[in-house]
Every structure is written in C-alpha cells, then in structure tokens.
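The values are calculated or read from the model by the stated rules, or taken from the named source; none is laboratory data. Not measured: the values here are computed from a predicted model. Note that each Cβ is placed from the backbone with ideal geometry, even for glycine, and that neighbours are counted across all protein chains shown. Surface areas here come from the heavy atoms of the whole protein model, side chains and all, with no ligands, DNA or RNA. Shrake-Rupley method; radii C 1.70, N 1.55, O 1.52, S 1.80 Å.
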Amino acid sequence: DTGVSQNPRHKITKRGQNVTFRCDPISEHNRLYWYRQTLGQGPEFLTYFQNEAQLEKSRLLSDRFSAERPKGSFSTLEIQRTEQGDSAMYLCASSLRGTSGVSGANVLTFGAGSRLTVL
Amino acid sequence: AQSVTQLDSQVPVFEEAPVELRCNYSSSVSVYLFWYVQYPNQGLQLLLKYLSGSTLVKGINGFEAEFNKSQTSFHLRKPSVHISDTAEYFCAVSVWYGNEKLTFGTGTRLTIIP
C-alpha cells in the first residue's frame, strides 16, 4: 500500500476558474476526510465521508465547494469560481473506523496535500 | 466544542538539548489526544496518541507525551533533539463517541540550532 495519494500536488489558477483535487485513500479505509491548511495555521476540517456517504460538512465549506466519493473509494474536491482566499493546502486523510477498538479514537493517515494558489 | 491551544508558535533549541512543546485543550467531554509532525512540503505524520491507560505515551523518533487531565495538557517532550527534528508539530483532539474528526492547534515550529 502506497498510503494516501493526492493529485495534483500543486495548482496555480486565475481567480474565477474552477479547480478539482483528487484523493486516493488507503484501499481498505472506509473513512475519508478533507482538511484545509492556510499559512501559519493548523488544518481545519472541511468534510468527511464514510464509504460513499458524506456525513458532515463544515461551515467553512461554502456553496462553491463540493466533495464527492461516488464509489466509496477515491474522492474529489471541486472549488468553483476560485477566490484568492481559497489559496491554501488541501489535505486528504483516510482511516478505518474502529481501528483502535474505541469509538472516536480514529487514527487518520494524511496525504502530502494539494497546494492551491489563486492569482 | 473542543479546542486546542499551542501557545508557542516557534521554539528554537540547540542540537542535543531537551525540548518540550506545550499543548492545552478544552472540551466538555472526554477526549483522545494526538501529536502530528509535518516536514516541509509533506503531509502530517502521526507521532503518538493517547487513547486510554497509561498517561505517559511514547511515539516515534524518541518523542513522548504525558496526558494531564487536571491541567488539560498533553505536552510533547524529547530528551535530546537532532537536526532532523526540524519541523512543524501539531497537537490535535477528538472526542469520545463523536464523529472522530480531529481538531488541530495552530502548530509549533521547532527549529534545531547546530
């Protein structure tokens, strides 16, 4: 297993354009998370899936953001009409619920991230 | 809602000296605690975690942390640092019986001085 894979690693786009990021989780993991990390800050939760179901979305996820996980495997995060404030590192993580045998003790494995720069 | 405070944004330490990175949390319910490390241009890697049991937990690369419930702290320590420990360190919490998402602190940048 090669871990969590994210593509592209870097994306530079002009304001107003749409961008899409892809995340391939560890194959046996049933949960997938998206986080956003801006300079000097810790990662902020955006949304997560259990299999193909999107179970929670943060208020940070505006209407311009949409995430999918159609077959319960890979996931995409699309940002429409990008703004300069969207510039950040977008991190994907996956986990297997119940790995540690206690509810809530979810150990996430993170990918290397996709860095977005909006000009 | 839970929150994490990492008061030290930057910590410079001489090589082979000990280091402590501070983490305090706030939550109305019981929590699990984690430390992650982020090397430049890389994702986050789990250093160690506290789920239950012994309050002193050991992780990778010689790091350890102690859970102190009365002080709501989970400070990270290493007795002797190496140049390769230069990185950003994040403390995180998740709540018992919650949706298992992590809430992160703002991070501490550890710089090792040769």
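Residues checked against (1) within 15 Å of A:LYS71 (Cα to Cα); (2) more than 10 Å from every other protein chain (Cβ to nearest Cβ):
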site	(1), (2)
A:ASN7	no, yes
A:LYS11	no, yes
A:VAL19	no, yes
A:SER27	yes, yes
A:GLY42	no, no
A:THR47	no, no
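Could you tell me whether any residue of the stretch A:60-69 is of a type outside the set (Phe, Trp, Tyr), open to solvent by less than 50 Å² (accessible area, probe 1.4 Å), within 13 Å of another protein chain (Cβ to nearest Cβ) and in a strand (DSSP E or B)? Within the stretch A:60-69, none of the residues are of a type outside the set (Phe, Trp, Tyr), open to solvent by less than 50 Å² (accessible area, probe 1.4 Å), within 13 Å of another protein chain (Cβ to nearest Cβ) and in a strand (DSSP E or B). Only residues that are within 16 Å of B:GLU100 (Cα to Cα) and in a loop (DSSP other than H, G, I, E, B) were counted across the stretch B:11-39, and they come to 4. There is at least one residue in the stretch B:75-85 that is in contact (Cβ under 8 Å) with a residue 12 or more places away in the chain, closer than 25 Å to A:MET89 by Cα and of a type in the set (Asp, Glu).
The criterion of being crowded, with 21+ Cβ neighbours inside 10 Å, within 13 Å of the chain's Cα centre (by Cα), within 12 Å of another protein chain (Cβ to nearest Cβ) and closer than 23 Å to A:ALA112 by Cα holds for B:PHE34. Kindly indicate whether any position in the stretch B:84-105 is within 13 Å of the chain's Cα centre (by Cα), open to solvent by 40 Å² or more (accessible area, probe 1.4 Å) and within 12 Å of chain A (Cβ to nearest Cβ). No, because not a single residue in the stretch B:84-105 is within 13 Å of the chain's Cα centre (by Cα), open to solvent by 40 Å² or more (accessible area, probe 1.4 Å) and within 12 Å of chain A (Cβ to nearest Cβ). Kindly check whether there is at least one residue in the stretch B:45-63 that is of a type in the set (Phe, Trp, Tyr) and under 14 Å from B:PHE104 (Cα atoms). No, the stretch B:45-63 contains no residue that is of a type in the set (Phe, Trp, Tyr) and under 14 Å from B:PHE104 (Cα atoms). Just give me the residues in the stretch A:32-47 being open to solvent by 10 Å² or more (accessible area, probe 1.4 Å) and part of a strand (DSSP E or B), in sequence order. Once the filter is applied, which keeps residues that are open to solvent by 10 Å² or more (accessible area, probe 1.4 Å) and part of a strand (DSSP E or B), the stretch A:32-47 yields A:ARG36, A:GLN37, A:GLU44, A:PHE45.
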